[in-house]
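Read the structure below first, then the notes.
The values are calculated or read from the model by the stated rules, or taken from the named source; none is laboratory data. Because the structure is a prediction, the values reported are computed rather than measured. Ideal geometry is used to build each Cβ from the backbone, glycine not excepted, and the neighbour counts take in all protein chains shown. In case anyone asks, the SASA skips ligands and DNA or RNA and just uses the protein heavy atoms, side chains included. Shrake-Rupley method; radii C 1.70, N 1.55, O 1.52, S 1.80 Å.
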Amino acid sequence: MNKFNVESKKIIQRQINVKPSVGSSGVAFASYDNNIYYADGTTIYRLKFDEDESLNAASGLDAEETLTDLSAIDNNAGLLYNGLGVHPVTGNVYINTIKSFAQYTQNTIWSFDFNNSAENPAAKYENYTNFPAGFFFAPGK
């Protein structure tokens, strides 16, 4: 994964070890500040793009961090549906899950402040939607 700085024309490279996937029903990536959040199944990861030279691609080290597996927190989190979103002001990561396609009425909207806790969501809204369409935030709101 690469981050290109338009002003300095420098590229920062990081290695990820998972193949991000949420199937055909969503987006696996979202970004905020110097962080990329992505999912593989119901597991959420963060990749930091800071300037730490020990994390460069040539070092063999990666900056990938496993944050949480939603299915381990809640049995109704069977699969992600329509990916991830990050609130542009708070930096909270929003995630939609459904129990299954057949049991889509059992669903959850998760909000995590991963800087404070990866085990406990900042907010959890259960059974509010049918096949949630993802997260879209107005800039600066």
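Of the residues that sit in segment 83-115 and are outside any loop (DSSP other than H, G, I, E, B) and in contact (Cβ under 8 Å) with a residue 60 or more places away in the chain, which one is surrounded by the fewest Cβ atoms within 10 Å (Cβ to Cβ)? So, considering only residues that are outside any loop (DSSP other than H, G, I, E, B) and in contact (Cβ under 8 Å) with a residue 60 or more places away in the chain, the one surrounded by the fewest Cβ atoms within 10 Å (Cβ to Cβ) is Gly83. Annotation: Arg14 fulfils all but one of (1) open to solvent by less than 60 Å² (accessible area, probe 1.4 Å); (2) at pLDDT 80 or above; (3) of a type in the set (Lys, Arg); the unmet one is (2).
Kindly evaluate Asn76 against the criterion of being open to solvent by 20 Å² or more (accessible area, probe 1.4 Å) and outside any loop (DSSP other than H, G, I, E, B). The answer is no for Asn76. Scanning segment 116-129 for residues that are assigned to a loop (DSSP other than H, G, I, E, B) and either surrounded by 11 or more Cβ atoms within 10 Å (Cβ to Cβ) or touching a helix residue (DSSP H, G or I) at 6+ places or on another chain (Cβ under 6 Å) (or both) returns Ser117, Ala118, Asn120, Pro121, Ala122, Asn127, Thr129. When segment 17-67 is limited to residues that are modelled with pLDDT under 70 and surrounded by 18 or more Cβ atoms within 10 Å (Cβ to Cβ), the one that is nearest to Pro139 (Cα to Cα) turns out to be Gly26. Does Ala122 meet the test of being of a type in the set (A, V, I, L, M, F, W, C) and in contact with an Asp or Glu (Cβ under 8 Å, 6 or more places away or on another chain)? So Ala122 passes the test.
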